[in-house]
Amino acid sequence: MAGANHRGMELTIEDVRAAREVVRKYLPPTPMWSYPVLDATAGATVLVKHENTQPVGAFKVRGGLNLLATLNGRPTITYSTGNHAQSMAYASSLVDAPCTVVMPAGTTPAKVAAVEAWGADVVLTGDTLAEAEAHAVALAATTGAHLVSPGDTPELVAGVGSLYLEILESRPDLDAIVVPVGSGSGAAAATIVARALAPDCAVIGVQSTASPAAHDAWRSGRPATRPNRTRAEGLATGRSFTLPQRLLRGALRDFLLVTDDQIAEAQRVLAVQAHTLAEGAGAAPLAAILADPGRFAGRDVAIVCTGGNASPHELTHLG
């Protein structure tokens with residue numbers, strides 16, 4: 001990636017702008033709309049950034065495209081519970097590069113099938129993402145493939161940043177952007193772009209109380225490992241990641257926690273009032289607004305619907 005300092009894993013707005021040039025070769029900008037009924041419910045003007053409309057149904061595809069553009073067809077190995085896996089598989093298919101994704105054995109079959117449909121090899125092992133990560137590390141060491149961390153890879157963060165360029169170039173007057181946090185790559189990218197384009201816009205992270213590792217690391221200023229029990233697969237990380245935490249520290253305005261039940265209610269609201277199928281992570285920003293309406297009252301707020309890959313289990317609870 002042009003301009004990135006890999007030794008320090010530092011990123012600038014120029015890295016994000018360079019990544020945008022890669023991403024736009026493959027993907028058009030995603031829409032961002034407001035919905036009057038949703039605005040009335042929230043007591044704020046809520047602009048929904050529809051990353052659920054991406055070809056893999058999630059924002060992470062931007063990072064995958066930016067990363068694969070730098071690897072010259074080298075095989076990759078990564079680990080994921082879903083959206084990062086699809087991102088890597090999709091981007092690898094476009095450049096005809098081999099890709100292996102290690103996923104926990106209990107991963108939803110539909111998500112496994114989606115990754116395989118883009119041509120990647122899937123290895124199912126372990127009960128947790130941490131165990132899948134350990135297997136991926138070992139596999140990369142024995143095969144020589146490039147190991148890709150979902151959180152600590154600068155090219156992924158820069159690629160994701162292209163969506164925040166789209167938001168803030170069209171609405172530099174926003175009061176806040178609320179971003180769901182798993183590894184933290186999305187929120188980290190948002191802070192880079194907001195600092196450069198709209199320093200008065202507050203970037204606010206949100207995570208599930210059932211998997212609060214990134215939240216707790218940001219609050220304490222130290223790496224954190226926590227129980228990983230959320231139903232929202234896009235938020236399901238049991239540890240913090242170094243690169244996002246470094247970028248978030250001192251730049252994120254606040255970091256909120258919501259329950260899985262609040263996330264599920266926000267999914268229902270998005271489905272009914274914004275015609276939007278959101279996975280749990282994609283609904284978490286709205287959950288944060290609905291949980292604290294006084295904080296956002298009367299403000300112009302963008303929420304990132306990071307994905308629409310709701311599992312069959314999630315869909316059965318939307319009625």
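The values are calculated or read from the model by the stated rules, or taken from the named source; none is laboratory data. As the structure is a computational prediction, the values presented were derived from the model and not from experiment. Counting neighbours? That spans all protein chains shown, and the Cβs are built from the backbone with ideal geometry, glycine included.
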Among residues of segment 98-119, those that are small (Gly, Ala, Ser) and touching a helix residue (DSSP H, G or I) at 6+ places or on another chain (Cβ under 6 Å), counted: 2
The lone exception for Gly63 - which of (1) surrounded by 20 or more Cβ atoms within 10 Å (Cβ to Cβ); (2) not in a helix (DSSP H, G or I) it fails: (2)
Count of residues meeting criterion [more than 16 Å from the chain's Cα centre (by Cα) and not in a loop (DSSP other than H, G, I, E, B)] in segment 26-60: 13
Total residues in segment 212-253, condition among the charged types (D, E, K, R) and either over 17 Å from the mean Cα position of the chain (by Cα) or outside the structural domain of Asp292 (by TED's automatic domain parsing) (or both): 7
Qualifying positions in segment 264-286 - small (Gly, Ala, Ser), outside any loop (DSSP other than H, G, I, E, B) and under 22 Å from Arg171 (Cα atoms): Gly282, Ala283, Ala284
So Leu243, is it within 23 Å of Glu14 (Cβ to Cβ), out of contact with any Pro (no Cβ under 8 Å at 6 or more places or on another chain) and crowded, with 22+ Cβ neighbours inside 10 Å: no
Segment 190-212 residues that are in contact (Cβ under 8 Å) with a residue 24 or more places away in the chain, paired with ones that are of a type in the set (Asp, Glu) and part of a loop (DSSP other than H, G, I, E, B) (beta carbon under 7 Å, 6 or more apart): Cys201/Asp175; Ala202/Asp175
Failed criterion for Thr81 (all others in (1) modelled with pLDDT of 95 or more; (2) in contact with a strand residue (DSSP E or B) (Cβ under 7 Å, 6 or more places away or on another chain) hold): (1)
Residue within segment 102-121 that is on the phi > 0 side of the Ramachandran plot and in contact (Cβ under 8 Å) with a residue 24 or more places away in the chain present: yes
Helices (runs of 4 or more DSSP H) enclosed by segment 90-190 - at least 2 residues per element that are surrounded by fewer than 21 Cβ atoms within 10 Å (Cβ to Cβ), under 21 Å from the mean Cα position of the chain (by Cα) and hydrophobic (A, V, I, L, M, F, W, C): 109-117
Leading residue by the ranking (nearest to Arg195 (Cα to Cα)) among those in segment 229-263 that are charged (D, E, K, R) and part of a loop (DSSP other than H, G, I, E, B): Arg253
Residue under evaluation Leu174, criteria (1) among the hydrophobic types (A, V, I, L, M, F, W, C); (2) in contact with a Gly (Cβ under 9 Å, 6 or more places away or on another chain); (3) at pLDDT 95 or above, criterion not met: (2)
Criterion violated by Ala251 - all others in (1) small (Gly, Ala, Ser); (2) out of contact with any Ser or Thr (no Cβ under 8 Å at 6 or more places or on another chain); (3) surrounded by fewer than 22 Cβ atoms within 10 Å (Cβ to Cβ); (4) closer than 21 Å to Tyr164 by Cβ satisfied: (2)
Residues located in segment 191-209, provided they are surrounded by fewer than 20 Cβ atoms within 10 Å (Cβ to Cβ) and either within 20 Å of Gln267 (Cβ to Cβ) or polar (S, T, N, Q) (or both): Thr209
Residue count, segment 120-131 (criterion: in contact with a Pro (Cβ under 9 Å, 6 or more places away or on another chain), closer than 16 Å to Asn83 by Cα and modelled with pLDDT of 95 or more): 3
Meets criteria (farther than 24 Å from Ala217 by Cβ, of a type outside the set (Gly, Ala, Ser) and in contact (Cβ under 8 Å) with a residue 12 or more places away in the chain) for Val258: no
Meets criteria (outside the structural domain of Ala132 (by TED's automatic domain parsing), closer than 22 Å to Thr306 by Cβ and of a type in the set (Phe, Trp, Tyr)) for Tyr90: no
